[in-house]
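*Asks:* One structure, as structure tokens, below. Some questions next.
Read-outs: derived from the displayed coordinates by stated rules, not from any lab. Predicted model only: the values in this text are computed from it and were never measured. No Cβ is skipped: glycine too gets one built from the backbone with ideal geometry, and neighbour counts run over all protein chains shown.
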Amino acid sequence: MGTQNSELYFVFMNYDPEYQRLRADRTKQGADELDLYLSKKHDELLASTLEPGSYRKTLSLVIVDGFAAEITEDQANVLRSAKGVRVVEKNQELP
């Protein structure tokens, strides 16, 4: 089974036409809209998939439509099967 220790994982999302549309808008307003869209999208995914208070999202990644969250291995496995998720990878420390 998994571990109950929270570690940092990166979650990358599948192709999203709305993300692509917003990312193409290079204006300040477009960048702000993209930030808000992704933050809300990522927060909603976590809230609908994991138990409230059991995780901590640390950031949304605008350039790749992904986010980082402190979660357990079990939670990472749950996210791997969530709709719209492409890849979930544990952060690897470089030597």
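*Asks:* The list [x] 60; [y] 26; [z] 40 gives values of percent of Cα pairs over 23 Å apart, and only one came from this structure; which label was calculated from it?
*Replies:* Label [y] holds the value from this structure.
*Asks:* Which lysines have a Cα less than 20 Å from the Cα of residue 90, not counting those fewer than 8 places away in the same chain?
*Replies:* Cα-Cα hits under 20 Å: 57.
*Asks:* Kyte-Doolittle mean at least -1.0 and Cα extent at least 27 Å along the axis: which DSSP H helices of the chain qualify? Provide the component values of the computation, followed by the final result.
*Replies:* Details: long enough: 28-49 (32 Å, -0.79).
Taking the DSSP H segments of the chain (at least 27 Å long, mean hydropathy at least -1.0), we get 28-49.
*Asks:* With springs connecting C-alpha atoms under 10 Å apart, model the chain as a Gaussian network and identify which of 35, 25, 74 has the largest mean-square fluctuation.
*Replies:* Residue with maximal mean-square fluctuation among 35, 25, 74: 25.
*Asks:* For the chain, what does -39500 (n - 2.57) per DSSP helix run (n ≥ 4), summed and divided by total residues, give at 222 nm, in deg cm²/dmol to the nearest 500? Walk me through the intermediate numbers first.
*Replies:* Working: 3 runs with 38 residues, N = 95.
Calculated at 222 nm, the ellipticity per residue is -12500 deg cm²/dmol.
*Asks:* For the ranges 49-58, 8-17, what's the packing order if you count other beta-carbon atoms within 10 Å of each residue, average per peptide, and put the highest first? Could you put the intermediate results ahead of the total?
*Replies:* Values: 49-58: 13.1, 8-17: 15.8.
Packing order, densest peptide first, comes out as 8-17, 49-58.
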